[in-house]
Every structure is written in C-alpha cells, then in structure tokens.
Amino acid sequence: MFLSLLFTLLLLVALLPLVLPMLRQPETVRGRGYYDRMVYRDQLRELDRDVARGLLSEADVAEARVEIQRRVLTTDTIPLRPAPGWHDRSPIMATLVAVFLVGGTVGLYALLGAPEPPGIVFVARPPLAGDMPTPVLEHAELARTAARLAAKLEADPDDAERWVLYARASGSLRRWTIAVDAYRHALALNLVSPDVQVGLGEMLVMQADGIVTPAAHDAFTAALEDDPRNEVARYYLALAAGQAGEPAGTIRQMQALLADIPDDSPLREEIAKRIAQAAKAAGVPLPVLARGLPPATAVAEADSTDAVAIVPESEQKTMVAAMAAKLAARLEIEPDDADGWMRLGYAYVVMHDRERAAEAYDRALALKPDGLALRLQAIEGLLSGLKPADALPPRAVALLKQVEQVAPDEPEVLWYLGMVAAHDGRPEEARRYWSRLLGKLPADGDNTQMVRSALNALPGG
C-alpha cells in the first residue's frame, strides 16, 4: 500500500511541469506604444526634477514639456493581447495529457515491471559496517544458499533430500511456486514422509493466499495417515473446514488440537484467534478454550538423539537417520548453528558414518575456532566405538594435535596421542605421553591401572 501511494505521488510530481502551463492564464503581449509612453513619462519627470532643483526655470522647460506631451498623445494605443503559442489555457488538453501519461506508465509497468523481484544478490562485495540491516543480510545469505542448492540439483536431479532443502529455502524466500515444485520432485523420488507432505501443503496454501486448496488438503490428509498427531496438518485441515462453510468444524478441530499441545506452546495464541473468528462466523458464543498438556519447557529438542534410547533397538537406526536428515535440512538453511553441527556429527557417529561426522564437526569448529570443549567432544565422537586394535581416524589425530598445542596436559589428549604413537610403532613416544598422564591420575583409580597396563605392554617396558 505504501509503495502504491509513493508511486502515485511521484507520478503527480512528474506531471506538474507539463500540466500546470495548460491551466495558467495565458501571458499577454504589450504593444510598442506602451513602452514609448513609459519613456516620455520618464522625460517629463526628469524636467520636473530639474525645475525643482533650480537648474531650469518653468519658462525654459515649457516648450520641451509641450513637445513631450504631444508625443505621448501620438503613441500607439493598441490594447494588450494574448501571446501566441501552443500553451494557451486548455483544461481539456491538460486532462488528456495526464490520463495518457498515467495510463501509459501503469500499463508499461504492468507489462514490463517486476513488483516482487526475487532477493538475489547480483553484485558480490564485502558488506560495510552499517551497510545493510540484519534481515537483509540474512535474506541475501538464504538466497545464496538456495542458489547453491539449485546448482547442485541441476547436476544431480535425483537427490530427493536436496530437493526438500531447496523447497524449504525457497519457501523462506516466499517463492511459493518454486517450493511447491521442489516438494513434488522429492515426492516423485519416493521421499514420502509427513514432513514433506506438510511442507507441500503449506506452500500450496501460501501460493493460494491462505486458501487450503484441494491439493493442499490431500497433502495434509496424507501426512496425518502417517502421523495422526501432526500439529501443522491438523491446524490447516481445521482452517479448511471453516473455509468450506463449516465454522463449527473449525472450532471442534481447533479445540482438539489445543488439548494435544503444551500450555506454553506459541501456537495457542494463533489457534485461539482462529476459534474466535469461527465462533463469530457461526454466530455462537466464544467457547472456553481447551486446556493443553503440561508446559514443555523441560522437554528436550526434537532432534536430540537422547530419545533413541527409549525405542526398540531394531528401530533405532531408522529413527537416528530420520533425525539426522531433519537436522541436516535445518542446518542448510541455518548454517551458523555450531551446536546443531555438533549434534549432527554425533548422529552420524551413531550411524557409523565417520566421514560425514568429521565434516559436521569441521563445520562446528569453523564457527568456533577457539572452542576447546567442542574439539574434545568431536574427538570423543570420532573415536567412540573403535576397537583397541583399530587405527585412529586421521581427522581425530589432527584434532588431538591441535588441542595439544593449547592444552598439552589434557588427560584425554595424552591418552589418545599415546595410542597413536603405540599403533604407529613409536613406543618411546607413547611411553612419554602415558607417563605424563599417569602423574595426573589418582593413585588408586581405575584409569590409573589401565594406563599402567598400557605402559607395561609397550616393547621394552
């Protein structure tokens, strides 16, 4: 609305130089006699001043005064006339010019303009301090992420998970049509899950300006078949009931949804607003809102792998893989979450995918290059599950060397670097590491006995 008013104001300002001359009274052209009379009158006044100063007598100027007055009487007395030209006053012409210019400008803009251009950065340059507000920078970064995903998909269009990432990035950029197409590509590649179905449904709703279309309704229904408690799908299906002329159905479904979400859920305010709108449309009093579940402030984040322990072992691998995929998708859009990359690395460790775990840990450490604790966590993750005879992964060894530079007496570093030296046939080096470690452990601890046993097992011990 603001942009439309601004555009109208600028157009009116541009029209003023053309229209105002057509609305003003025409200028007039004075005859030659007018200017002659002005000269003669000045001469008469000059004579009067000479007489007043005593330079001339009245008798001296009498003859000259009569002559000048005679000339005044003989000057041209043609009346004033309008100046000729195309700019004579013409309100009709002014109106036609204004209508033509406004109509032509609006028509050309509608034909050639771009009222909602995508947020793509065309010129890459380092941002200056205070150059752009944070939301603009975030939008630009998201646009670059979407562009990178699009390039990768062009090279490998069969990557279903990347289609989902591209769909989510496009949705965040409000490119609804592109997001819908990306979700449909993922479904066509058999990546069928409640999250994908809900994502498709949401983009279809956004594309239709908030209307739950039949295609969106089908997507939400498909999501509920696999996840009957899916909050987003239930919310939109409740909206669909009201849009179909059944506000009572909206109230009933929204109340059921309220009962299934925590009392401190941010969704409750939006749901309460929708219930109020439905009650007004149905002409019924506003019902008492259903109570929800206990507050969820102490509930762990949904992508935490701690939840794996409560499911059967046969399902753990599938569950971890699903959580890792969800977390990876979020991190593609929010790549500055160091803790998220650490959790993703641990999820890959649980899946025995140490290569991708190392990549995730590298992303986290790049965000926090001085994070000693993160490096120790990454080392622990990369080394977990190894057998005593297994060689340590090169990435873990490199991290150990980095930690040694800043914390040379860290017990974990001393132990594992001793293992590396022993495995590579350098017993004296291993002995130095473990001897230093032994001096930092309590004399009667279990770890002390383990280190002593390792020292005794070294050649020449």
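The values are calculated or read from the model by the stated rules, or taken from the named source; none is laboratory data. Source: prediction; values computed, not measured. Glycine also receives a Cβ, built like all others from the backbone with ideal geometry; neighbour counts cover every protein chain displayed.
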>> Go through (1) under 22 Å from V420 (Cβ atoms); (2) touching a helix residue (DSSP H, G or I) at 6+ places or on another chain (Cβ under 8 Å) for A347 and report which single condition fails.
In response: (1)
>> Quick check on the range 158-186: of everything there that is in contact with a Ser or Thr (Cβ under 8 Å, 6 or more places away or on another chain) and crowded, with 22+ Cβ neighbours inside 10 Å, which residue is modelled with the lowest pLDDT?
In response: A169
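Do the conditions hold for P408, that is, is it part of a loop (DSSP other than H, G, I, E, B), out of contact with any Cys (no Cβ under 8 Å at 6 or more places or on another chain) and under 30 Å from R343 (Cβ atoms)?
Working: part of a loop (DSSP other than H, G, I, E, B): yes; out of contact with any Cys (no Cβ under 8 Å at 6 or more places or on another chain): yes; under 30 Å from R343 (Cβ atoms): yes.
In short, yes.
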> Which one is surrounded by the most Cβ atoms within 10 Å (Cβ to Cβ), of the residues in the range 327-351 that are touching a residue at least 40 places away in the same chain (Cβ under 8 Å) and within 16 Å of I379 (Cα to Cα)?
Replying inline: A347
> Any chance the range 277-293 includes a residue that's within 31 Å of the chain's Cα centre (by Cα) and modelled with pLDDT of 80 or more?
Replying inline: yes
> Among (1) surrounded by fewer than 18 Cβ atoms within 10 Å (Cβ to Cβ); (2) of a type outside the set (V, I, T); (3) not assigned by TED's automatic domain parsing to the domain that holds A328, which single condition is L367 missing?
Replying inline: (3)
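Of the residues in the range 424-451, how many are modelled with pLDDT under 80 and in a helix (DSSP H, G or I)?
Residues flagged as modelled with pLDDT under 80 and in a helix (DSSP H, G or I) within the range 424-451 amount to 6.
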> Which one of the conditions (1) crowded, with 19+ Cβ neighbours inside 10 Å; (2) outside any helix (DSSP H, G or I) does L400 fail to meet, given that it meets all the rest?
Replying inline: (2)
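For residues that are charged (D, E, K, R) and assigned to a helix (DSSP H, G or I), scanning just the range 237-287, find the one that is farthest from E202 (Cα to Cα).
So the first thing to find is which residues in the range 237-287 are charged (D, E, K, R), and the list is 246, 252, 260, 263-264, 268-270, 273-274, 280.
Add one more test, that the residue is assigned to a helix (DSSP H, G or I), and what stays is 252, 268-270, 273-274, 280.
Working: R252: 21, R268: 19, E269: 19, E270: 16, K273: 19, R274: 17, K280: 25 Å.
Only one residue tops the list, namely K280.
Name the helices (runs of 4 or more DSSP H) wholly within the range 158-236 that hold at least 1 residues that are touching a residue at least 40 places away in the same chain (Cβ under 8 Å)?
Values: elements: 160-172, 176-188, 194-207, 214-226.
Passing ranges, in order: 160-172, 194-207.
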